[in-house]
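Heads up, the thing below is written out as structure tokens.
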Amino acid sequence: MWYGKSTQYSPVGLLLQAGSVRAIQLDRSGRVCGAAVENLASQTSDSPLDYERAVIAILKRWWRNRLFRGWQVVLGIPSHELWIHNARLPQVPSEELPQVARFEAEERLPYAVDEAELRLIVAGDVKQDGVSKHEVILLACRKTAIQQQIQICEHAGLVPQAIDTESHALIRFQRAVDNSEKRTVFLHLGEKLSTVIFAEGDRILFLKYILVGNYQFDRAIAEELELTELEARQLRTSVSHAEELNADDDVHRSVIDAIRSLLETVTNEVEMCLRYCKVTFRGRPAGQLWLSGEGVSSWLADYLGDRFGMPVTLCRDTQPENHLTESLADQLPRHIGQIVHQSNSTPHGRSFYPDGAWVVALGLALRQFSLTTNLYQLAPSVRPKNHQLAAALAGEASDAMTPSAGEPPAGVPHE
């Protein structure tokens, strides 16, 4: 489960997003031993070079101040950089499925397939018009986006051990606190889009992006109330932290009015995903919804629980501001086994997990604890000259990875 008996700490789970940098590390027992977050909004322009310089400076400062042990990191690909496509492919022998999936990607991918790192999730077999087909999810990320993250780490003196998706990190976190094989729905409110995941144990069965995230919420509030986006974010955060909405509070009412149509869009999309999964993956229905992301709220969890008629597990952000380490450490769970704690139950059995914005980074740091069991590389990738990029993409397996009866790779790229 761990890298070796002499290894005392996990690699640092490092999430480089457009608006923030977030990192967390665990010790051998699963205790959080280091964590840091910094907002980039005031430090970067639209220039990729300015972004890289700002992130490199932050990472160098964190490691210079000895906030983390070792130099190894597990990177997370931001969702907006990852293309996904759910498809039904003809029944073919397992060794031929990657090539069939590659043909599908060549037709659907909005850029040249040779520019992408491609992966395939095999969800299972389904019937369509009486014909058996493979239900699959195709994932692709531009190689340049991966190279940018690796280069940032190189310049900061860090060693990437793997690159993973936010979706797999979310499931890894959930499995660390609930190791059952039940079917679960995830809704993660990200920076620029939201992610819906339907999973059974550690197997991803369905994955979809909704083009609404916190950035769109903040813009809607800013336009409606004539505020700056920073002021809008602060206002949204204050309302998100309220246990319940107050119809007599002008601030609550104004914020909800501004984001009402966006919330309805998210809710309708999740509802359609639930219907699709109920028909496609018959048998056990999803029994719980996990709600995570920066600024997720009790009242939103209650609303979704009422709307979908299922219990909601809320991963709530308790430290939204731009602080580093000392004050943040008190807000984080000190042991992975203590991440779960129950609050007063609601009619839908909602429970609380601290810090909704941290679950992805925690999932990255937990990568060595668990494997996601249905992710495969489509075809051998062209080997980059950059040795750290090559190492991160290769992980611990060969390039010629195809579906098999053994343990397949986890994350993107593969182990």
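The values are calculated or read from the model by the stated rules, or taken from the named source; none is laboratory data. Values in this document were obtained by computation on a predicted structure and should not be read as measured data. Using ideal geometry, Cβ is built from the backbone for each residue, glycine included, and neighbour counts are taken over all protein chains shown.
Taking helices (runs of 4 or more DSSP H) as the structural unit, those lying wholly within the range 189-283 and holding at least 1 residues that are of a type outside the set (S, T, N, Q), within 22 Å of Glu166 (Cβ to Cβ) and touching a Phe, Trp or Tyr at 6+ places or on another chain (Cβ under 7 Å) correspond to 229-240, 250-280. Gly201 passes every criterion in (1) in contact with a strand residue (DSSP E or B) (Cβ under 7 Å, 6 or more places away or on another chain); (2) closer than 21 Å to Ala286 by Cα; (3) not aromatic (Phe, Trp, Tyr) apart from (1). Among the residues making up the range 111-168, those that are of a type in the set (Val, Ile, Thr) and in a strand (DSSP E or B) are Ile121, Val122, Val126, Val131, Val136, Ile137, Val159, Ile163, Thr165.
In the range 30-38, is there at least one residue being modelled with pLDDT of 85 or more, assigned by the TED database to the domain that holds Leu16, over 22 Å from the mean Cα position of the chain (by Cα) and among the charged types (D, E, K, R)?
Going residue by residue through the range 30-38, those that are modelled with pLDDT of 85 or more are 34-38.
Restricting the remaining residues to those that are assigned by the TED database to the domain that holds Leu16 gives 34-38.
Keeping just the survivors that are over 22 Å from the mean Cα position of the chain (by Cα) gives none.
Checking the range 30-38: not a single residue is modelled with pLDDT of 85 or more, assigned by the TED database to the domain that holds Leu16, over 22 Å from the mean Cα position of the chain (by Cα) and among the charged types (D, E, K, R).
Based on what the data block shows, is Arg69 charged (D, E, K, R), more than 22 Å from the chain's Cα centre (by Cα), in a loop (DSSP other than H, G, I, E, B) and surrounded by 14 or more Cβ atoms within 10 Å (Cβ to Cβ)? For Arg69, the condition - charged (D, E, K, R), more than 22 Å from the chain's Cα centre (by Cα), in a loop (DSSP other than H, G, I, E, B) and surrounded by 14 or more Cβ atoms within 10 Å (Cβ to Cβ) - is met.
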